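Working notes, beginning with the structure itself.
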Amino acid sequence: MDISLLRDAVPPLLEWFRVSKRDLPWRRNRIPYTALVAELMLQQTRVEAVKDRFVQFLAAFPTPEALASADEEEVLKLWEGLGYYSRARNLHRAAKVIAEKGFPATFEEMRALPGVGDYTAGAVCSIALGLPVPAVDGNVLRILSRLYADGSNIDDPSTKAGYAALLREVYPPETADFCEALMELGAIVCVPNGAPMCGACPWSGLCRAHLAGREEAFPVRAEKRARRTVDATVCVLRCGGRYALEKRPAKGLLAGLWQFPFFEGDVPDFGPVLKEKRAKHIFTHVEWRMTGRLIETERELAPYIWVGAEELREKYAVPSAFRAFMEWVK
Ligand code: ADE
């Protein structure tokens, strides 16, 4: 691909970013640890959902040492609602490595931390260490496939590798701004859903897709895999103001997190159903279609643990998949 096109695209992008960037909490400093926390939170999660969580998390765990010595339950609690909880566990493990060995100084060391892939390692290297390592996510694939009017399938790993190689060649000294500017253009101008705002784009005079009036023909991707649906019954069991919780299995979806008793097949007869409502939750590969039931039981049944409403809200990380049923916890 024509490298001069990308080279020409760097200065207007940096200039646009200086003027147009959003004021986001993780942009207020370039501390490696906080950059790592931000990038892990931002994986597959919207900026709006991350903002407050990021601030709260760093207030609780301001340093890798503070995080390393925290309890896993405490860490998961602060991750509540962000989803993909294995990221929280990995971050906790990464903090232990960092507390012991210091913060990684190279891409390879960064990449070796638990939960850190090419994208996150590239972003933290660029943003906090001043290293010219590309971070190619969906936003970056979209803007580059449009810039080049490139019909390669963006779900093909070689497409990503190709763009990473191209970016490496044009990396400017302002590594943090460049990395964030690429993401930012994809997030606020060359948006993922709906029409891009080409009138506000620093690349409108360069972008081959725009010049051909074919922005929406890119990026090209393989057909999405169908999502599996799972029907489940979620039993909010209450006994004298206390609620039953169980821990999810250690492997799989929402591993090790707390939930109301959850049944994919037959449901035991816990007694009369006081309220019932439906809710669904969409994960990457699975959709849960849930029927929630509020039931008052006569005893605190085994094998569940039973906790008061306040304790449940404050101490237990209940995934947002179950948010619809939290209104019954009073
Ligand atoms: N998405 C992933 N990393 C990001 C960052 N540093 N700023 C904004 N959005 C992001």
Exercise for the section: Could you list all residues from the range 66-86 that are buried (at least 16 other Cβ atoms within 10 Å of the Cβ) and acidic (Asp, Glu)? Expected result: GLU80
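Does PRO192 count as open to solvent by 60 Å² or more (accessible area, probe 1.4 Å), within 16 Å of the ligand (Cβ to nearest atom) and not in a helix (DSSP H, G or I)?
Values: open to solvent by 60 Å² or more (accessible area, probe 1.4 Å): yes; within 16 Å of the ligand (Cβ to nearest atom): yes; not in a helix (DSSP H, G or I): yes.
For PRO192, the condition - open to solvent by 60 Å² or more (accessible area, probe 1.4 Å), within 16 Å of the ligand (Cβ to nearest atom) and not in a helix (DSSP H, G or I) - is met.
Can you tell me which of THR45, THR63 is polar (S, T, N, Q), open to solvent by 20 Å² or more (accessible area, probe 1.4 Å), closer than 30 Å to GLU314 by Cα and within 11 Å of the ligand (Cβ to nearest atom)? Talk me through it step by step, then tell me what you get.
Numbers: THR63 fails: within 11 Å of the ligand (Cβ to nearest atom).
Answer to the selection: THR45.
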Problem - PRO202 being in contact (Cβ under 8 Å) with a residue 40 or more places away in the chain and open to solvent by less than 30 Å² (accessible area, probe 1.4 Å) - result: no
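Those residues that are away from the ligand (no atom under 15 Å from the Cβ), under 22 Å from GLN44 (Cα atoms) and of a type in the set (Gly, Ala, Ser), I need them from the range 84-125; list them, please. First the steps, then the outcome.
Of all residues in the range 84-125, those away from the ligand (no atom under 15 Å from the Cβ) come to 85-86, 88-90, 92-109, 111-114.
So of that shortlist, the ones also under 22 Å from GLN44 (Cα atoms) come out as 85-86, 88-90, 92-95, 107, 111-114.
Hits for the range 84-125 are SER86, ALA88, ALA94, ALA95, ALA112.
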Practice task
Just give me the residues in the range 14-32 being more than 8 Å from the ligand (Cβ to nearest atom), touching a residue at least 12 places away in the same chain (Cβ under 8 Å), of a type outside the set (A, V, I, L, M) and farther than 18 Å from GLY117 by Cβ, in sequence order.
Solution key: GLU15, TRP16, PHE17, ARG18, SER20, LYS21, PRO25, ARG30
Exercise for the section: Report, ordered by the first and then the second residue, all pairs with beta carbons closer than 7 Å, sequence separation of six or more or different chains, a first member in the range 286-313 that is under 30 Å from ARG227 (Cβ atoms), and a second member that is in a strand (DSSP E or B) and of a type in the set (Ser, Thr, Tyr). Expected result: GLU287/THR229; ARG289/THR229; THR291/THR233; ARG293/THR233; LEU312/TYR243
Handout entry: Sole exception among (1) under 20 Å from ARG27 (Cβ atoms); (2) of a type in the set (Phe, Trp, Tyr); (3) open to solvent by less than 10 Å² (accessible area, probe 1.4 Å) for TYR163, by number
Key = (1)
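The values are calculated or read from the model by the stated rules, or taken from the named source; none is laboratory data. Only a predicted model underlies this, so the values are computations on that prediction, with no experimental measurement involved. Cβ atoms come from the backbone with ideal geometry, glycine included; neighbour counts cover every protein chain shown. All accessible areas refer to the heavy atoms of the entire protein, side chains included, with ligands and DNA or RNA removed. Shrake-Rupley method; radii C 1.70, N 1.55, O 1.52, S 1.80 Å.
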